[in-house]
Amino acid sequence: MSDWGIPGVISERFFGPPFDGFEEPEVGPELRAACGWFKSFMAPGEWERRRIEVAKRFYKVSLGEVEGAEDSGRFFRTTDSFAWYLFLCESILEHPWNYEPIFGSRVVPVFAAIGRNLPVLSNINGVESRIRRLVGSEKAQPNGGLAGP
């Protein structure tokens, strides 16, 4: 365990449903589709690594730990805002105890709309390269890529 009470290794159960028969929120299928789509543009194991980093940061800040002046007090690292967004969307579906409602209420509807419109979006020329940048090189500031061209 670290000084702030967060274990050095986090079990995969930390990111699973709270109990058998857990019902998804109303936007579940659309949100799940968007999450899966975005994750499909990441290298194998990349999401799992980024998700652990987001969870550790979220709980460190929640417990009052501050790491450096740049991100002081933020639940997420500004160098990977996209992972924070994806974490929020996945958490409301799979591990709701990790959901943060203030940020989540802004992000979940956007991801759900993307999931709802995947058949149209996936047929747009250049969308795959745009998504690769969004989850990769532009992960620090994904808002422009999520809001439009």
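None of the figures in this text is laboratory data; all of them are computed from the coordinates on show. Values in this document were obtained by computation on a predicted structure and should not be read as measured data. Heads up, the Cβs are rebuilt from the backbone with ideal geometry, glycines too, and the neighbour counts pull from every protein chain shown.
Near the amide H of Tyr99, within less than 5 Å, lie no amide hydrogens of residues on another chain or at least 5 residues away, with H placed in the peptide plane. The trypsin sites (Lys or Arg not before Pro) found in segment 57-145 that occupy coil by DSSP, while having at most 16 further C-beta atoms within 10 Å, are Arg74. Length gained on full extension, Asn117 to Ile102: 3.0 nm, using 0.36 nm per residue less the C-alpha separation.
As a rough footprinting exposure proxy, the listed residues Leu134, Leu146, Leu88 were ranked by other beta carbons within 10 Å of their own, and the order from fewest upward is Leu146, Leu134, Leu88. Once both labels are positioned 7 Å from their Cα atoms along Cα-to-Cβ, the gap between Ile124 and Thr78 label points is 2.7 nm.
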